[in-house]
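Worksheet: one structure, shown below.
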Amino acid sequence: MAQANITGEMIGNSFPHPDKWKWYHYFTFNVDHKVIGIQYLVSAFFFYLVGGAMALVMRAELATPSSDLVDPNFYNALLTNHGTIMIFLWIVPGAIGGFGNYLVPLMIGARDMAFPKLNALAFWITVPAGLLIVGSFFFGGAQSGWTSYPPLSLITANTAQSMWILAIVCAGTSSILGALNFIITIWKMRVPSMGWNDMPLFCWAILATSLLALFSTPVLAAGLVLLLFDINFGTSFFRPENGGDVVMYQHLFWFYSHPAVYLMILPIFGIMSEVIPVHARKPIFGYKAIAYSSLTICIIGLFVWVHHMFTSGTPPWMRMFFTVSTLIVAVPTGVKIFSWVATLWGGKIRYTSAMLFAIGLLAMFVFGGLSGVTLGTAPVDIHVHDTYYVVAHFHYVLFGGSVFGIYAGLYHWFPKITGRMLNEPLGKVHFILTFIGTNLTFLPMHELGLKGMPRRVAMYDPQFQYINIICTIGAFVLGLSILPFLINAIWSWSNGPKASGNPWNAKTLEWTTDSPPIIENWDVLPVMTEGPYAYGEEPAEVSS
Amino acid sequence: MKQIPAPLWTLTIGVIVTLVSLWVGFNNDWLPEQASAQSVLVDNFFNVMVVIGTALFLVVEGTIVYCMVQFRRRKGDDTDGLAIDGNLPLEAFWTAIPAVIVIGLGIYSVQIFQDMGGFAPGDQVHEHGTRLAQASTAPLGDLTAAEVDEALLAQSVYGIGAPLDKEGQAADLEVNVAGMQYAWIFTYPNSGIVDGELHVPVNADVKLNISANDVIHSFWVPQFRLKQDAIPGKETELRFVATKPGTYPVVCAELCGGYHGAMRTQVIVHSPSEFNNWLEQRTAQAETGTAETVAINPADLTDADYLAPYGKAAGVESHLLAHLSD
């Protein structure tokens, strides 16, 4: 039977399944969006630990100015795969694949995604991606950075580099399939009582993310396949000695990889818009502004990629055009930040672990956004491009932003996903350690970059050692901060206090079913009686 | 006790935020010393952004902290907060203000970029002083074939060119810079000197013609605030005026292999007389030391053979030179 027939209106079983999934079902080609969401989240978290361990080895190496812990080529393999894993195997599959799959059907009142088999396929394509990355270390690991600029990527560790390319192509294919599925699901399968402007903001964010992924990912795939041909089949697309153009690769790469930044932050913005109103006990401030600013970011985000190439072979007009377009992104982003702050204003803020991570994100993203404005202007970027200033900036938005957002989401939806409550005191220890560790690691890096330390180096000028030691200590605090979370999650999953269907007293539809939800989400599909953020109001006033 | 009126609070906070932001913007010690004409321009621009950024940071973070304290849930209170779901004038305000700020910064950065010489890379100067970059806007049919080639080439040079007041003028000194794994080679075309360190006179208008022999490198002098990638198959340039005698690091800023972090050398900014001494000394060395090889056409030699005599002076080890013959 065709999967597309599963619509929001359908009641009853659409495919044969047991009453409850057993543990081993989570290791199979399962088409339930909730199983797939958990598969994404758990495997992504595993890779987060792997990528984090790589970062700790790098920070240990950087405790001294000379290259004395690991071979410098292996250091390059670590930095390449740290970036790759954190982007393609942690944040993108965790935030979009994990939360997106688990929550979107529940939030819009659907029994599953539009194409469940395609959905399962999208997850299982990420498995070879992970295996290829891990396997590439038996061949030295790709060593030319996650950007893999030719000619370096053409002459370094060819086998590992080819495996790396295939891994990214797999991850990208998964992302495209997932994006298609989300767009159709959100477009076609909302419960009849839910109009576009009644939709939870997380769904708006996933919609914008999916459109972006659909437009930009194929371009990266094209660029990487050409690179693969250059390495293995004797072509010369990017070989300058035969007339190839290395700057063309950079355009193809960044046309995707700048939007990739928004792929990693837009779903997190969606999580923020869900977590903050619930725990501040207030309606979200400026629903439409937040919803449409996601779409604005997604459109402008397609036209800013050259700001990664200001010191490359870039003509003056391009440097100026992309300076201005980059600065404009600050406007819709600012709208979101201000709206969340305004949501806090006049609330009754409950300091749950989820809320702490959300507010921590807000505080750090403001800083990362401001440093991003300085980076976006060509005159300053010419000085700080490819330095630790850039490393500092993107870790403020990707660690202080995306990772904090994923944690906020995990604390917020853990009761829904597992049916158990997490331990709050442990969650607070986790938050405090993570917040201190993040700032200790990444704040001093701004000064390193401004003062003259380039990024991606295994050895550096001894004058920078003092600041580097602070960063290294911070990184180990961050490493330590994982422990309370791991203990908490593993212990609570089996032994935590049972969660009710709606432990936070929230208003979005996923809280109208059991925790964890039954296999097809509801016995009888829910009807929206009030807005998703109707806090502080009598429900009767709204539904009348 | 009498309540302090809200406008007074706002005014006080505004004044404090302004003062703190200005102080942070113009008293921070985050950037290295300024040693080029461009560094002053870049730093002023950066510091203006630091002022604006600090003000926004203080206001937003201050509001967050205020909310966290003022609007925390009190014990035993299980009610919801205020049912405010938007305010159009406020939302228009915080869309318009950042828009005005970023448009202002955009215009300002174009200005700075122009003053730095950002609009004039490839501004080749002909022997007679006519600008070919200008000529190329005229129909190419008026030019000879060689001139057409040169004109087209002039259009595809990237980097930082002459500053506005020097547009169309030749630089005082040209140096060819070649990046290779893992060293920079500086060649002075007029005197034939080859060195592993860059020597330039202070207050002279210097033009670096940057190229790469193997992979992409990036030539960066933090004290000059200037950086330009060296790209195989492309021509790039950096034109600058060093304003302060001294020794500054030259850093490779683009990942170029395992020893990328070790690809460092120096730029030495001399007083004019010191520079002339250096020039004479090195020219004399070149004449006596390699008298025989002068007669050999460099094109007949491999790169490694060609560079070998300079290897020691350049601080380049022979195994690195071996890369060139690959």
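Rule-based calculations on the coordinates, nothing more; no lab input. Everything numeric here is computed off the predicted structure, so don't read it as measured data. Ideal geometry is used to build each Cβ from the backbone, glycine not excepted, and the neighbour counts take in all protein chains shown.
Just a few scattered comments:
- Just so you know, the Rg over Rh for segment B:161-215 is 1.01, from Cα atoms, with Rh as the Kirkwood radius.
- Given R0 = 56 Å, the distance between the Cβ atoms of A:PHE303 and B:ILE4 translates into a calculated FRET efficiency of 0.70.
- Placing a label point 7 Å from the Cα of A:LYS428 along the Cα-to-Cβ direction, the residues of segment A:334-375 whose backbone N falls under 16 Å from that point are A:349-360.
- For segment A:166-247, the normalised intensity computed at q = 0.13, 0.18 Å⁻¹ comes to -0.56, -0.78 (log10 of I(q)/I(0), Debye sum over alpha carbons, equal scatterers, no solvent).
- Other residues whose C-beta falls under 12 angstrom from the C-beta of A:ASP112 contribute a net charge of +1, scoring Lys and Arg +1 and Asp and Glu -1.
- Going from the fewest other Cβ atoms within 10 Å to the most, the residues A:TRP90, B:TRP94 appear in the order B:TRP94, A:TRP90.
- Fewest-first sequence of A:LYS34, A:LYS188 by Cβ atoms within 10 Å of each Cβ: A:LYS188, A:LYS34
- Taking amide H as placed 1.01 Å from N in the peptide plane, the amide H of B:GLU237 sits under 5 Å from that of B:TYR158, B:GLY159, B:ILE160, B:ILE210, each at least 5 places away or on another chain.
- Two-site label geometry, A:ASP523 and A:SER236: point separation in nm, points 7 Å out along Cα→Cβ: 7.2
- Sorted on the mean count of surrounding Cβ atoms within 10 Å across their residues, most packed first, peptides A:202-211, A:298-307 read A:202-211, A:298-307.
- Using a Förster distance of 45 Å, the FRET efficiency for B:ASP77-B:ASN28 (Cβ separation, nearest 0.05): 0.55
- Label-point gap, in nm, between B:THR63 and B:GLN281 - each point 7 angstrom along Cα→Cβ: 6.1
- ³J(HN,Hα), Karplus 6.51/-1.76/1.60, whole Hz, each residue of segment A:458-474, x for Gly, Pro: 8, 10, 8, 4, x, 4, 8, 5, 4, 5, 4, 5, 4, 4, 5, 4, x
- Ordered from longest to shortest, the equivalent ellipsoid semi-axes for segment A:43-543 are 37, 25, 23 Å, each the square root of 5 times a Cα gyration tensor eigenvalue.
- Segment A:88-151 - convex hull of the alpha-carbon atoms, volume per residue in Å³: 104
- Between A:TRP317 and A:LEU69, the modelled labels are 4.8 nm apart [label points 7 Å from Cα along Cα→Cβ].
- Burial order of peptide ranges B:250-258, A:272-280, B:66-74 (average beta-carbon count within 10 Å, highest first): A:272-280, B:250-258, B:66-74
- Neighbouring Cβ atoms from other chains, within 10 Å of the Cβ of residues in B:86-97, number 4 on average.
- Sorted by Cβ neighbour density within 10 Å, fewest at the top, the residues B:SER21, A:SER136: B:SER21, A:SER136
- Calculated on alpha-carbon atoms, Rg and Dmax of the protein assembly as shown in Å: 29.1, 100
- For segment A:203-249: rounded, prolate or oblate by the Cα gyration tensor [a/c cutoff 1.5]: prolate
- Considering only the protein assembly as shown, percent of DSSP beta bridges that pair antiparallel, nearest 5: 65
- Reach of B:LYS75 by Cα under 27 Å, taken over lysines that are not fewer than 8 positions away in the same chain: A:LYS282, A:LYS348, A:LYS416, A:LYS428, A:LYS498, A:LYS507
- Rounded to the nearest Hz, the phi-derived 3J(HN,Hα) couplings of segment A:290-299 under the Karplus curve 6.51 cos²θ - 1.76 cosθ + 1.60 (θ = phi - 60°) are 5, 4, 6, 5, 4, 5, 4, 4, 5, 6, where x marks glycine and proline.
- Couplings 3J(HN,Hα) of segment B:170-175, computed from phi: 6, 6, 5, 9, 10, 10 Hz, in residue order, whole Hz [Karplus 6.51 cos²θ - 1.76 cosθ + 1.60, θ = phi - 60°; x for Gly and Pro].
- For the residues of A:488-495, the average number of beta carbons from a partner chain within 10 Å of their own beta carbon is 0.
- Here the convex hull built on the C-alpha positions of segment B:230-285 has a volume of 141 cubic angstrom per residue.
- Amide H to amide H distances under 5 Å link B:LEU226 with B:VAL221, where only residues 5 or more positions off or on other chains count and H is placed in the peptide plane.
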